[in-house]
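Asker: Let me begin by handing over the structure; questions about it come next.
The values are calculated or read from the model by the stated rules, or taken from the named source; none is laboratory data. Quick caveat: nothing in here was measured; it's all calculated off a predicted structure. Methodologically, a virtual Cβ is constructed for each residue, glycine included, from the backbone with ideal geometry; neighbour enumeration extends over all protein chains shown. When the accessible area is computed, the model is the full protein with side chains, heavy atoms only, and any ligands, DNA or RNA have been set aside. Shrake-Rupley method; radii C 1.70, N 1.55, O 1.52, S 1.80 Å.
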Amino acid sequence: MKKTFMPQFENIDQLFDHQLKGLQWTIEHAYNGSSFYKKHFDEAGVTPGTVKSLDDLSRLPFTTGNDLKEGYPLPLLSVPEKDVVRIHASSGTTGKRKVLSYTQKDLDDWFDMFARCYEMAGLTKEDRVQIAVGYGVWTAGMGFQLGCERLGAMAIPVGPGNIDMQCQFLVDLQSTVFCCTASMALLMAEEVNSRGIKDQINLKKIILGSERCSSAMRTKIKELMGLEDMFDITGMTELYGPGTGLDCPEHEGIHYWADKYILEILNPDTLEPVEDGEIGEMVVTTLCKEAAPLVRYRTRDLTRKISNLCSCGNILPMHDKIMGRSDDMIILRGVNIYPGQIDEVLSSIAEVGSEYQLHLESKGDGKDYMTIKTEAQQGFDVNNTSEIKNKIKKTVKAKIMVSCDAQICAYGELPRFAGKAQRIFDNRT
């Protein structure tokens, strides 16, 4: 029988039973193993016996990124230090790094989850997976590589950038899968096209992570590379790393691994559940994480929960693509704007390319103004842009309820990035 990394639940009730047992284990494990969690729970009046049903999740206190920073260097640690076999860390761009500890079981669970992502994307042991994400204390490189090896496919760990080597390996090693950020994927697609090597490579699929990817960008990458399919992978350092969810070939939403963690979508201001289909903040609680379990951890990532089951037949639930972060939300003239909403607007306009920038500034009248600077589609005459500008302004006004200006650039004029692209330039005083 072929090995599968997918959980084998016959129905949703079995999944819920599994989640309840995992939640009860996590609360007892964290309470007894972590001085932070014991104090945290005691202050909230929570004990290991508090959770008797999944509804009791709402009685548990929240954990935040500040808790991880304040607990540096080994926050949330719930096992003896001798049981920690690895650490990974965030970039630390906003102060102290968020360091997460792993037991051997944590690593095994993570790599199984990642292999599940590859399996859902249709990869087999015959695939050659070129990995163009960062290595080091960051989770990306190790996750993509060791998940690939867990599946049994060939890993080609090039890392980010180094375009000449990337192109050489695509040709010489006949890589079938490429793993990278969306910005890196666009950069590579344009390089493959400009170097005239599209007919020399054997690339079938790209797996994207770490940043949003608009429909327009996906279309352009797929067209330039001649791909069969593209997939969005999710994850964060705090929650093992990348590999905690993936959209299947039906692309109806991101399947998340609900046998490993519980996902809540809450209003970031009230911390109450949002209505189905509304944007909210992802809050996660792990079910089997040993070294640094998460209990109602506020990720700051924004998405929507998808209530219906996927037509692929998998009963694992789905959420929408990540719209941005609650702390990246733009407030313009009293209107909350999420970066993902700009992606959706621009992707709905055929003449608009995949690259854009958002410029915010204040003027002498005391008001804030937004200009969307975007590329036109390849071959579009940028000397006649009044119609496309009007489309952008009208669509933004209709869908986001705020006024903006638009500036159209020629295709290829905006910068390309091997890592995450910078799109928001807030110059307001």
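Asker: Students often check this: by mean Cβ neighbours within 10 Å, which of 108-121, 350-363, 381-394 ranks highest, and how do the rest follow?
Answerer: Peptide ranking by packing, descending: 108-121, 350-363, 381-394.
Asker: Just how far, in whole angstrom, is segment 9-56 from segment 102-118 if you go by their alpha carbon centroids?
Answerer: Spelled out, the Cα-based centre of one part sits 21 Å from the other.
Asker: Please report how far the C-alpha centroid of segment 357-422 lies from that of segment 291-314, rounded to the nearest whole angstrom.
Answerer: Result: 32 Å between the Cα centres.
Asker: Among 286, 18, 182, whose Cα projects farthest towards the positive end of the dipole of the chain, with charges put on the beta-carbon of Lys, Arg (+1) and Asp, Glu (-1)?
Answerer: Comparing the listed Cα positions along the dipole, 182 ranks first.
Asker: Enter the accessible area per residue of segment 156-304 (Å², integer; probe 1.4 Å; all protein chains in place).
Answerer: 32 Å²
Asker: Give me a comma-separated list of calculated 3J(HN,Hα) values for segment 264-270, in order, Karplus coefficients 6.51, -1.76, 1.60 applied at θ = phi - 60°, integers in Hz, x for any Gly or Pro.
Answerer: My calculation for segment 264-270 gives 10, 10, 10, 5, x, 8, 8 Hz in order.
Asker: Could you derive backbone 3J(HN,Hα) for segment 141-146 from the dihedral phi with the Karplus parameters 6.51, -1.76 and 1.60 (θ = phi - 60°), listing whole Hz in sequence and x where the residue is Gly or Pro?
Answerer: x, 5, x, 4, 6, 6
Asker: So what's the back-of-envelope 222 nm ellipticity for the chain, counting only DSSP H runs of four-plus at -39500 (n - 2.57) apiece and dividing by all residues, rounded to 500? Walk me through the intermediate numbers first.
Answerer: Details: 10 runs with 127 residues, N = 429.
About -9500 deg cm²/dmol.
Asker: Follow-up. Quick one: Karplus J couplings for segment 167-173, per residue in order, coefficients 6.51, -1.76, 1.60, θ = phi - 60°, nearest Hz, x for Gly and Pro?
Answerer: Couplings: 5, 4, 5, 4, 7, 6, 9 Hz.
Asker: Which whole-angstrom value gives the distance between the alpha carbon centres of segment 142-157 and segment 198-214?
Answerer: What the calculation gives is 16 Å, centre to centre.
Asker: Are there GluC sites (Glu not before Pro) in segment 256-308 that DSSP puts in a loop and that have at most 13 other Cβ atoms within 10 Å, and which ones?
Answerer: 275, 278
Asker: Applying 1/(1 + (r/R0)^6) with R0 = 56 Å to the Cβ-Cβ distance of residue 387 and residue 54, what FRET efficiency is obtained, to the nearest 0.05?
Answerer: For residue 387 and residue 54, the calculated efficiency is 0.60.
Asker: Now for a separate question. Given the chain, what percent of its DSSP beta bridges are antiparallel, to the nearest 5?
Answerer: Counting only bridges with both partners in the chain, antiparallel ones make up about 60 percent.
Asker: Sticking with this structure for a sec: Would you mind checking the pairs 21/69; 205/393; 82/289; 3/205; 39/305 and listing those with alpha carbons more than 25 angstrom apart? Let's see the in-between values first.
Answerer: Details: 21/69 29 Å; 205/393 35 Å; 82/289 16 Å; 3/205 22 Å; 39/305 32 Å.
The answer is 21/69; 205/393; 39/305.
Asker: Please report the carbon-and-sulfur percent of the accessible area for the chain; probe 1.4 Å, protein heavy atoms only, DNA, RNA and ligands left out. Walk me through the numbers on the way to the answer.
Answerer: Working: 8870 of 18760 Å².
Using a 1.4 Å probe with all protein chains present, the chain comes out at 47 percent carbon and sulfur.
Asker: For the chain, what is the largest minus smallest coordinate of the Cα atoms on each principal axis, given in angstrom and ordered from greatest to least?
Answerer: 69, 59, 41 Å, listed from the longest principal axis down.
Asker: OK, next. Taking Cα pairs under 8 Å and at least six residues apart, what relative contact order does the chain come out at, in percent?
Answerer: The value is 14 percent.
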